[in-house]
Amino acid sequence: MDNHVKAFRLAAGLSQKELANLTGITRQTLSLIEKGTYNPSLKLCLNLCYALHQTLDTVFWVDPS
């Protein structure tokens, strides 16, 4: 799944470790999410959005085409 987690994380000035700590996951899991190789649960997606002060559709929306 494509997402914009890394772009919003960098814009917020957070390291992977800092964002992972805020959301209760490991840095390695966050890395996989940013690469698009790990499909997070809806709860984790929401937690990432809350930590980044973004909405679900801005971070995780995938264009159907």
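The values are calculated or read from the model by the stated rules, or taken from the named source; none is laboratory data. On a predicted model such as this, the values are computed, not experimentally measured, just so you know. Quick reminder, even Gly has a Cβ in these numbers, built from the backbone with ideal geometry, and neighbours come from all protein chains shown. Side chains are part of the model used for accessible areas, which takes the heavy atoms of the whole protein and leaves out ligands, DNA and RNA. Shrake-Rupley method; radii C 1.70, N 1.55, O 1.52, S 1.80 Å.
Name the single residue that is nearest to H4 (Cα to Cα) among those in segment 39-65 being at pLDDT below 95 and of a type in the set (F, W, Y).
For segment 39-65, the residue satisfying everything is F60.
Mind listing whichever residues of segment 1-41 are surrounded by 14 or more Cβ atoms within 10 Å (Cβ to Cβ) and over 16 Å from L52 (Cα atoms)?
Of everything in segment 1-41, those that are surrounded by 14 or more Cβ atoms within 10 Å (Cβ to Cβ) and over 16 Å from L52 (Cα atoms) turn out to be T29, L32, Y38.
Within segment 37-57, work out how many residues are within 10 Å of the chain's Cα centre (by Cα) and of a type in the set (G, A, S).
Total satisfying the criteria: 1.
Hey, can you tell me all the residues within segment 8-19 that are more than 9 Å from the chain's Cα centre (by Cα) and part of a helix (DSSP H, G or I)? Talk me through it step by step, then tell me what you get.
In the first step, residues of segment 8-19 are kept if they are more than 9 Å from the chain's Cα centre (by Cα); the result is 10-18.
Correct list: L10, A11, Q16, K17, E18.
I want to confirm something. Restricting to segment 42-54 and keeping residues that are open to solvent by less than 100 Å² (accessible area, probe 1.4 Å) and in a helix (DSSP H, G or I), which single residue is farthest from S65 (Cα to Cα)?
Only one residue tops the list, namely A51.
Just checking, which of A7, A51, A11, A20 is among the small types (G, A, S) and touching a residue at least 12 places away in the same chain (Cβ under 8 Å)?
Numbers: A7 fails: touching a residue at least 12 places away in the same chain (Cβ under 8 Å); A11 fails: touching a residue at least 12 places away in the same chain (Cβ under 8 Å); A20 fails: touching a residue at least 12 places away in the same chain (Cβ under 8 Å).
Testing whether each residue is among the small types (G, A, S) and touching a residue at least 12 places away in the same chain (Cβ under 8 Å) leaves just A51.
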